[in-house]
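J.: Take this structure first; my questions come after.
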Amino acid sequence: MRVVSRERVVQGGCAFFLRNATVDMDGLAGSLSVSRATLYRVVHGRDPLLGDVLWRLGARMLARARAETASEGIDGVLETTRRFADRVRHAEPFRAFLEAEPATAARVLFTPAGDVHARVVQAQRDILAEAVDPSWSPGDLDGAAFLYVRVVESTLYADLLGGRPADAGTAERAARAVLEAC
């Protein structure tokens, strides 16, 4: 039996996802030269692996968006979000995954099954901590990050969540209101 690390599986899962717009456990096991049983022992299921893959790929996009942001404060937070959302909208494998597997995507992105939402909220909290008034308490940052992410998700994934496109202008005004209210 070949031993494979979780890190190697996630790396392989990212490569597989970028090529195929999904993660097929049989196909991934074959590409890693391990058995399907070994793969499941390492990652504990497809949803957690998809969560790790989507988070890894999304975190890279977020890091690039943050590095390219020129504004500061609330405007900087919104600029980072616009840059990140634009990358997500143009990520063909991700868009194809959302279209082909909407129930799986919703479960992995928005529930503890994939743990993506919690990681995005923590990343947003970190962004807010760097960008906003230092008088905010940790509870304020946590709540603001949660609400801000939900507003962004409602726009970014409008078709998945409600079956209709969202108005980006309205969403940005709502996101700004969340930030300004804190």
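Rule-based calculations on the coordinates, nothing more; no lab input. Keep in mind that what you see is a predicted model, and the values were worked out from it rather than measured. Quick reminder, even Gly has a Cβ in these numbers, built from the backbone with ideal geometry, and neighbours come from all protein chains shown.
J.: Regarding ALA113, is this residue surrounded by fewer than 19 Cβ atoms within 10 Å (Cβ to Cβ), touching a helix residue (DSSP H, G or I) at 6+ places or on another chain (Cβ under 9 Å) and not in a helix (DSSP H, G or I)? I'd like the intermediate steps shown before the answer.
T.: Details: surrounded by fewer than 19 Cβ atoms within 10 Å (Cβ to Cβ): yes; touching a helix residue (DSSP H, G or I) at 6+ places or on another chain (Cβ under 9 Å): yes; not in a helix (DSSP H, G or I): yes.
The answer is yes for ALA113.
J.: Collect the residues in the range 7-29 that are small (Gly, Ala, Ser) and in contact (Cβ under 8 Å) with a residue 24 or more places away in the chain, keeping them in residue-number order. Spell out the reasoning first.
T.: From the range 7-29, those small (Gly, Ala, Ser) are 12-13, 15, 21, 27, 29; that's our starting set.
Residues satisfying the conditions are GLY13, ALA21.
J.: Still on this structure, I have one more. Within the range 74-83, can one find any residue that is in a helix (DSSP H, G or I), of a type in the set (D, E, K, R) and touching a Lys or Arg at 6+ places or on another chain (Cβ under 8 Å)? Talk me through it step by step, then tell me what you get.
T.: So the first thing to find is which residues in the range 74-83 are in a helix (DSSP H, G or I), and the list is 74-83.
Among the residues that remain, those that are also of a type in the set (D, E, K, R) are: 75, 79, 82-83.
Now restrict to residues that are touching a Lys or Arg at 6+ places or on another chain (Cβ under 8 Å): 83.
Among the residues of the range 74-83, at least one is in a helix (DSSP H, G or I), of a type in the set (D, E, K, R) and touching a Lys or Arg at 6+ places or on another chain (Cβ under 8 Å), which makes the answer yes.
J.: Counting only residues that are part of a helix (DSSP H, G or I) and polar (S, T, N, Q), which one in the range 29-41 is surrounded by the fewest Cβ atoms within 10 Å (Cβ to Cβ)? Can you show your working first?
T.: In the first step, residues of the range 29-41 are kept if they are part of a helix (DSSP H, G or I); the result is 29-32, 36-41.
Add one more test, that the residue is polar (S, T, N, Q), and what stays is 31, 38.
Details: SER31: 14, THR38: 17.
Per the stated criteria, the residue is SER31.
J.: Which residues, counting only those in the range 1-28, are of a type in the set (Gly, Ala, Ser) and either part of a loop (DSSP other than H, G, I, E, B) or in contact with a Phe, Trp or Tyr (Cβ under 9 Å, 6 or more places away or on another chain) (or both)? Explain how you work it out, then say what you get.
T.: So in the range 1-28, the residues of a type in the set (Gly, Ala, Ser) come out as 5, 12-13, 15, 21, 27.
Once the filter is applied, which keeps residues that are of a type in the set (Gly, Ala, Ser) and either part of a loop (DSSP other than H, G, I, E, B) or in contact with a Phe, Trp or Tyr (Cβ under 9 Å, 6 or more places away or on another chain) (or both), the range 1-28 yields SER5, ALA21, GLY27.
J.: VAL132 - would you say it is among the β-branched types (Val, Ile, Thr) and touching a Phe, Trp or Tyr at 6+ places or on another chain (Cβ under 8 Å)? Spell out the reasoning first.
T.: Details: among the β-branched types (Val, Ile, Thr): yes; touching a Phe, Trp or Tyr at 6+ places or on another chain (Cβ under 8 Å): no.
Spelling it out, it is not the case that VAL132 is among the β-branched types (Val, Ile, Thr) and touching a Phe, Trp or Tyr at 6+ places or on another chain (Cβ under 8 Å).
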